[in-house]
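Report on one structure; see the data block that follows.
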Amino acid sequence: MKLRPDSLAFALSNAAHALAAVEAGHALPRALAQVFDGRDMPAAARGAIQDLCYRSLRQWGLAQALVTTLTDKPPTPPRLKALLACALALLSEHTPAYADHTLVDQAVSACAADRELMRAKGMVNAVLRRMLRERTALLAQLRQREDLRWNYPAWWIARVRAAWPAEWEQVLAAGNVQPPMSLRVNRRKATVEGMLQRLASAGIDARQIGPWALRLARPRPVHEIPGFDEGWVSVQDAAAQLAAPLLDLQDGQRVLDACAAPGGKTGHLLETAQLDLLAIDQDPMRLQRVAQNLSRLQLTAELRQGDAAASDWWDGRAFDRILADVPCTASGIVRRHPDIRWLRRPEDAMQLAALSADILDHLWTLLKPGGKLLLVTCSLWPEESEHQAHSFAARCGARRLPAPGQLLPIASAEHDHDGLFYALFEKPLA
Ligand SMILES: C[S@@+](CC[C@H](N)C(=O)[O-])C[C@H]1O[C@@H](n2cnc3c(N)ncnc32)[C@H](O)[C@@H]1O
């Protein structure tokens with residue numbers, strides 16, 4: 001039996017494929033690409049699959065524990081376990097997106113339509129119906145466990161609590177809600193007022209939340225945003241929009257964007273001043289996305305594949321400004337990437353901090369005396385952020401200039417942004 005692409009069963013079946021790949025260690029964007037690539041699938045179906053994956057991963061710890069509680073032995077193949085976990089995650093939501101019985105029927109249909117899972121449809125039906133009968137008691141019992149109540153690995157909760165003793169609960173809670181969609185207005189093409197008017201005429205509710213930042217009342221596909229294809233706006237979180245202003249850019253400066261892909265900040269640098277900008281990234285596929293972003297914004301920079309901790313891409317001309325948006329655990333943006341908390345390991349922060357320290361030490365040698373280097377991470381872990389900034393300044397004799405430091409991802413009416421870290425350094429003249 002073939003499932004209709006507009007059915008929930010179709011979305012569940014494909015989400016189960018992607019979620020099983022995440023369980024096997026793949027990042028969600030890659031897992032989704034494997035599901036989508038080469039298939040003629042309506043945009044709405046893709047959106048539904050993506051939505052199911054995001055919702056499930058925000059409840060993944062609890063969903064896995066429910067699978068264990070409600071089955072006699074681990075369901076195989078992994079796709080079956082993922083399908084059950086996905087349905088159980090959706091049945092555990094505080095505000096369910098689907099009616100209970102629709103969800104159960106559609107999960108059973110997803111099984112029935114899959115040759116390998118067909119035999120398990122009775123079991124899936126029984127497990128999900130038991131969940132409906134015993135839901136309140138089951139959830140109350142499992143949520144006594146702190147890791148299941150918060151839906152993070154226990155080590156993650158312990159780290160957030162140790163690093164941010166006053167705000168840890170708000171930080172964890174912020175990671176579990178759907179993030180807002182924020183835009184950056186391209187000042188070369190538009191004004192904030194002009195863009196707000198254009199959105200209003202398209203019936204899109206938005207408000208200004210930063211000098212060039214707007215937040216939409218509800219997220220929507222980018223191509224529905226008037227002016228997006230013409231480069232009037234880019235999608236960018238409000239915290240990420242602080243990088244370009246901190247660098248104090250002037251026309252004519254030679255600037256290096258050292259870890260540039262996918263180019264969110266590259267575009268902002270070029271919107272801010274007429275720069276001689278070189279953007280490098282180690283990953284050639286991701287570098288292509290910088291090219292696509294700049295082409296949409298009608299801006300130009302020199303793009304090169306390169307390792308920021310080496311010089312084989314460098315022409316010997318020193319830089320006035322360097323943006324070092326270094327690779328990190330991304331622990332500050334889990335609300336946008338709910339797979340991260342399940343894929344990271346406790347030792348990742350130290351390993352990435354060591355890699356970034358090499359990058360920073362090398363970049364420092366490419367900076368002119370009097371020049372400025374901005375360190376950015378999207379991490380909450382001090383070893384990648386404040387400790388890194390502190391030891392870098394001490395090692396290299398860098399002068400620290402005012403910068404926001406750690407911005408915690410706290411979702412409230414006034415503050416609603418990702419968890420980024422900023423440290424700004426100046427190279428002494430002599
Ligand atoms: C946090 S992302 C950059 C985000 C980007 N600045 C933006 O605003 O869209 C970090 C990037 O560093 C790149 N990267 C990792 N190691 C690198 C290295 N040794 N040299 C250059 N780029 C590296 C990754 O491929 C990734 O694209």
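The values are calculated or read from the model by the stated rules, or taken from the named source; none is laboratory data. Since this is a predicted model, take the numbers as computed values, not measurements. For neighbour counting, all protein chains shown are included, and Cβ atoms are generated from backbone atoms with ideal geometry for every residue, glycine included. These accessible areas exclude ligands, DNA and RNA; they are computed on the full protein's heavy atoms, side chains included. Shrake-Rupley method; radii C 1.70, N 1.55, O 1.52, S 1.80 Å.
Cβ separations smaller than 8 Å between residues 6+ apart or across chains give the following pairs from the stretch 329-340 residues that are among the polar types (S, T, N, Q) to residues that are open to solvent by 10 Å² or more (accessible area, probe 1.4 Å): 329/340; 329/344; 329/348; 329/352; 331/340; 331/344; 331/378.
The rows are residues; the columns are (1) surrounded by fewer than 16 Cβ atoms within 10 Å (Cβ to Cβ); (2) not acidic (Asp, Glu).
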site: 103; (1), (2): no, yes
site: 117; (1), (2): no, yes
site: 140; (1), (2): yes, yes
site: 147; (1), (2): no, no
site: 154; (1), (2): yes, yes
site: 171; (1), (2): no, yes
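Only one of the listed residues (91, 3) is surrounded by fewer than 23 Cβ atoms within 10 Å (Cβ to Cβ) and touching a Phe, Trp or Tyr at 6+ places or on another chain (Cβ under 6 Å). That residue is 3. With the condition kept exactly as written, say whether any residue in the stretch 56-68 is of a type in the set (Phe, Trp, Tyr) and open to solvent by 30 Å² or more (accessible area, probe 1.4 Å). Within the stretch 56-68, none of the residues are of a type in the set (Phe, Trp, Tyr) and open to solvent by 30 Å² or more (accessible area, probe 1.4 Å). Checked against (1) closer than 22 Å to residue 112 by Cβ; (2) under 23 Å from the mean Cα position of the chain (by Cα); (3) of a type in the set (Lys, Arg), residue 73 passes all but condition (2). Of everything in the stretch 211-248 that is open to solvent by less than 10 Å² (accessible area, probe 1.4 Å) and over 28 Å from residue 410 (Cα atoms), the residue that is farthest from the ligand (Cβ to nearest atom) is 227. Criterion first (in contact with a Leu (Cβ under 7 Å, 6 or more places away or on another chain) and aliphatic (A, V, I, L, M)) does residue 249 satisfy it? Judged against the criteria, residue 249 is a match. Scanning the stretch 347-371 for residues that are touching a strand residue (DSSP E or B) at 6+ places or on another chain (Cβ under 6 Å), more than 12 Å from the ligand (Cβ to nearest atom) and hydrophobic (A, V, I, L, M, F, W, C) gives 366, 367.
Pairs linking a residue in the stretch 29-47 that is among the small types (Gly, Ala, Ser) to a residue that is modelled with pLDDT of 95 or more, with Cβ atoms under 7 Å and 6 or more positions apart or on different chains, are 31/18; 31/21; 31/22; 44/6; 45/5; 45/6; 45/10; 45/11. When residue 175 is tested against (1) farther than 22 Å from residue 270 by Cα; (2) within 22 Å of the chain's Cα centre (by Cα); (3) surrounded by fewer than 18 Cβ atoms within 10 Å (Cβ to Cβ), just one condition goes unmet, and that condition is (3).
The residues listed here are 294, 287; of these, the one that is within 12 Å of the ligand (Cβ to nearest atom), among the hydrophobic types (A, V, I, L, M, F, W, C) and either under 20 Å from the mean Cα position of the chain (by Cα) or over 20 Å from residue 241 (Cα atoms) (or both) is 287.
In the stretch 228-263, what residues are in contact with a helix residue (DSSP H, G or I) (Cβ under 9 Å, 6 or more places away or on another chain) and assigned to a strand (DSSP E or B)? Give the derivation first.
Taking the stretch 228-263 and keeping what is in contact with a helix residue (DSSP H, G or I) (Cβ under 9 Å, 6 or more places away or on another chain), we get 228-237, 239-241, 243-245, 247, 249, 255-263.
Once the filter is applied, which keeps residues that are in contact with a helix residue (DSSP H, G or I) (Cβ under 9 Å, 6 or more places away or on another chain) and assigned to a strand (DSSP E or B), the stretch 228-263 yields 233, 234, 235, 255, 256, 257.
Whether a residue is within 15 Å of the ligand (Cβ to nearest atom) and modelled with pLDDT of 95 or more was assessed, and residue 417 does not pass this test. Listed by position, the helices (runs of 4 or more DSSP H) contained in the stretch 1-83 that have at least 3 residues being among the β-branched types (Val, Ile, Thr) are 60-70. Whenever a residue of the stretch 283-308 is in contact (Cβ under 8 Å) with a residue 60 or more places away in the chain, its partners that are of a type in the set (A, V, I, L, M, F, W, C), lying with C-beta atoms within less than 6 angstrom and at least six residues away or across chains, give the pairs 299/270. Here the condition is being part of a loop (DSSP other than H, G, I, E, B) and within 11 Å of the ligand (Cβ to nearest atom); of 309, 324, 411, it holds for 309 alone. Here residue 198 clears all of (1) surrounded by fewer than 15 Cβ atoms within 10 Å (Cβ to Cβ); (2) in contact with a Pro (Cβ under 8 Å, 6 or more places away or on another chain) except the condition numbered (1). For the stretch 249-276, the set of residues classified as under 17 Å from residue 375 (Cα atoms), aliphatic (A, V, I, L, M) and either open to solvent by less than 10 Å² (accessible area, probe 1.4 Å) or touching a residue at least 60 places away in the same chain (Cβ under 8 Å) (or both) consists of 249, 255, 256, 258, 260, 269, listed by residue number.
Residue pairs whose Cβ atoms lie under 6 Å apart, sitting 6 or more positions apart in sequence or on different chains, and linking a residue in the stretch 209-226 that is in contact (Cβ under 8 Å) with a residue 60 or more places away in the chain to a partner that is part of a loop (DSSP other than H, G, I, E, B), are 209/238; 215/180; 215/209.
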